[in-house]
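K.L.:
Below are the C-alpha cells for one structure; questions will follow.
The values are calculated or read from the model by the stated rules, or taken from the named source; none is laboratory data. It should be emphasised that the depicted structure is a prediction, and the values quoted were computed from it without experimental measurement. Don't worry about glycine lacking a Cβ; one is built from the backbone with ideal geometry, like all the others, and counts go over all protein chains shown.
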C-alpha cells in the first residue's frame, strides 16, 4: 500500500500532462508557418506525425506495460519525450521537426498507454473510480492550460517555447516516478506478439491516415483506396494472428459481449460529435460573437474545464450510482449541449456560451470516467495497460473521424460562405446523431439502465 496515494497519482498526472499540453502547439501554427516559410496546408503534418504515431502505438505500448511493468514503460516514454521536446524546439528544418514530432508521438504512446494503469495502482482496487476521476481531472486541466499558456509563450519567446517548457516538466515527472508503485513482475516469461503489434500499428495508422486524407481527396482517390485496403488487410491479419498467439495484444473475445462493444462504440461516437466544439466554436467566438482572440480562448477553455470538474465528481458518484447510468447521464448532457450550441446566434449572451460549454465538458467528462471504470473492470487486472490504452484509442479514432465527418457536414451546409447557418446545422446534426445512437442502444436497456454497476 502506498503511503500517500494522492502524491503518487499527482506524479502520474504530472507525466501525463505532456499529452494534453500539446494543445499549446496549435496556437504556435502561424509562427511555425512563418519561420519555416511553408504553406498553411503543410502545417497539418505537424499534427498528423504526432497524433497518428501515438494513436497507432497505444495498444501495443499498453501491452508492453502489462508484460514488463507500467512504471518502466512510463519512464521510458518520459525520457523519449524529454529528448523529443528539446529536439523539436532546436531544429531549423521543417522536415526534421516532423521527424521529431514522430519521436514525440512514440514517447506520448508509452506514457499515456500506462498512465491509467498507474493511476489505478495508486489506490486500492475498491477506489478505482476515485483514481480515474482524479486522473480525468488532471488530463482535462492540461487541455485548459495548453492554449492560453502556449499563446503567452509564443508571444514572448516564439514557437519553440511550446516544446521547450515541457522538457523540464517531463524531467520533474520522471524524477517523481520514484514514489510510484513497482509491483514485482512474474518470473514466468510472457511472450510479446511482435507480428501482431506490427499488424495492429499498421492497421490503425493507415485507417486514421485514410480518414484524414478523405477530407482532401481531390486527385488522391487511388492512394486513399490503397491505404484503406492496407488497413482492412492488416486488421484481418491482426485478428488471425491474435486467435493463434498464446499471449495476444488484446483478447478479442471480450468484444463478443454486446454491452462492452456498444460502450466502446459510444465513446468513439461521443468523441466524434464532441470534437465539433474544438473544431468550429473558435471561429464562432471570433467571427460571430466578435470576441478578441484572447477572450475567445478563455471562453473555449470552459469545455475542457468542464471535463476537469467532472473527473472528481464522477469518481465520487461511481459507487453511489451505477457507472453505466452515470455514463448515460453524461451522454445526455452532451446531447443537450450540442442542441444548445446549434441555436447560438449573434445575440447569445456570454453566460449562455460559458454555461453551454461547461455542460458539454461535464457530459464528456462524466462519460469518460464511467467508461474508463467499465473497461478497466472488464479486462483482467493483468491487462490493465491494454484496458487504459483501449479507452485512448477509441477516443483518438473518434476525434480523427470527427474532423472528416464534421468538416463534410459543415461544407455541405454552406461552409465559410454562410458560416452561422452551417455552424448551427452541423451542431444540430451532431446532436441528432448522438441522440439516435443512444435511442438505438436502448434496444438493450441493460447497457445503460441495468440495476447492476457497470463492469
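K.L.:
For region 310-332, which positions are closer than 17 Å to residue 274 by Cβ and surrounded by fewer than 21 Cβ atoms within 10 Å (Cβ to Cβ)?
P.N.:
329, 332
K.L.:
State whether the residues of region 313-323 include one that is outside any helix (DSSP H, G or I), closer than 25 Å to residue 396 by Cα and within 20 Å of the chain's Cα centre (by Cα).
P.N.:
Of all residues in region 313-323, those outside any helix (DSSP H, G or I) come to 318-322.
Adding the requirement that they be closer than 25 Å to residue 396 by Cα leaves 318.
Filter once more, keeping what is within 20 Å of the chain's Cα centre (by Cα): none.
No, the conditions are met nowhere in region 313-323.
K.L.:
Among the residues in region 307-328, are any in contact with a strand residue (DSSP E or B) (Cβ under 8 Å, 6 or more places away or on another chain) and assigned by TED's automatic domain parsing to the domain that holds residue 373? First the steps, then the outcome.
P.N.:
From region 307-328, those in contact with a strand residue (DSSP E or B) (Cβ under 8 Å, 6 or more places away or on another chain) are 326; that's our starting set.
Filter again for assigned by TED's automatic domain parsing to the domain that holds residue 373, leaving 326.
Yes: one or more hits.
K.L.:
If you don't mind, another one. Restricting to region 221-231, count the residues that are at pLDDT below 85 and under 18 Å from residue 401 (Cβ atoms).
P.N.:
Here is the first cut: in region 221-231, the residues at pLDDT below 85 are 221-224.
With under 18 Å from residue 401 (Cβ atoms) added as a condition, the list becomes 224.
Qualifying residue count for the region: 1.
K.L.:
A further question follows. Could you tell me whether any residue of region 367-379 is touching a strand residue (DSSP E or B) at 6+ places or on another chain (Cβ under 6 Å), in the same structural domain as residue 283 (by TED's automatic domain parsing) and buried (at least 24 other Cβ atoms within 10 Å of the Cβ)?
P.N.:
Going residue by residue through region 367-379, those that are touching a strand residue (DSSP E or B) at 6+ places or on another chain (Cβ under 6 Å) are 373.
Next, only the ones that are in the same structural domain as residue 283 (by TED's automatic domain parsing) stay: 373.
Now drop any that are not buried (at least 24 other Cβ atoms within 10 Å of the Cβ), which leaves 373.
Yes, there is a match, as at least one residue in region 367-379 is touching a strand residue (DSSP E or B) at 6+ places or on another chain (Cβ under 6 Å), in the same structural domain as residue 283 (by TED's automatic domain parsing) and buried (at least 24 other Cβ atoms within 10 Å of the Cβ).
K.L.:
Looking at 80, 73, which is the one that is within 20 Å of residue 395 (Cβ to Cβ) and crowded, with 18+ Cβ neighbours inside 10 Å? If you could, list the steps in order and put the result at the bottom.
P.N.:
Working: 80 fails: within 20 Å of residue 395 (Cβ to Cβ).
73 is the lone residue from the list that is within 20 Å of residue 395 (Cβ to Cβ) and crowded, with 18+ Cβ neighbours inside 10 Å.
K.L.:
Here's something else I'd like to know. Pick from region 413-430 the residues that are modelled with pLDDT under 90 and part of a helix (DSSP H, G or I): which of them is surrounded by the most Cβ atoms within 10 Å (Cβ to Cβ)?
P.N.:
419
K.L.:
Another question, then. Please verify whether region 146-159 includes one or more residues that are within 30 Å of residue 326 (Cα to Cα) and in contact with a helix residue (DSSP H, G or I) (Cβ under 9 Å, 6 or more places away or on another chain). Break it down stepwise before answering.
P.N.:
Within region 146-159, the subset within 30 Å of residue 326 (Cα to Cα) is 146-147.
Cutting the leftovers down to in contact with a helix residue (DSSP H, G or I) (Cβ under 9 Å, 6 or more places away or on another chain) gives us 146-147.
Scanning region 146-159, I find at least one residue that is within 30 Å of residue 326 (Cα to Cα) and in contact with a helix residue (DSSP H, G or I) (Cβ under 9 Å, 6 or more places away or on another chain), so the answer is yes.
K.L.:
Could you tell me whether residue 339 is at pLDDT below 95 and either in the same structural domain as residue 125 (by TED's automatic domain parsing) or on the phi < 0 side of the Ramachandran plot (or both)?
P.N.:
no
K.L.:
Residues that are in contact (Cβ under 8 Å) with a residue 60 or more places away in the chain and under 19 Å from the mean Cα position of the chain (by Cα): which helices (runs of 4 or more DSSP H) entirely in region 194-309 hold 3 or more of them?
P.N.:
Details: elements: 194-214, 221-244, 258-274, 276-283, 293-300.
Answer list for region 194-309: 194-214, 258-274, 276-283.
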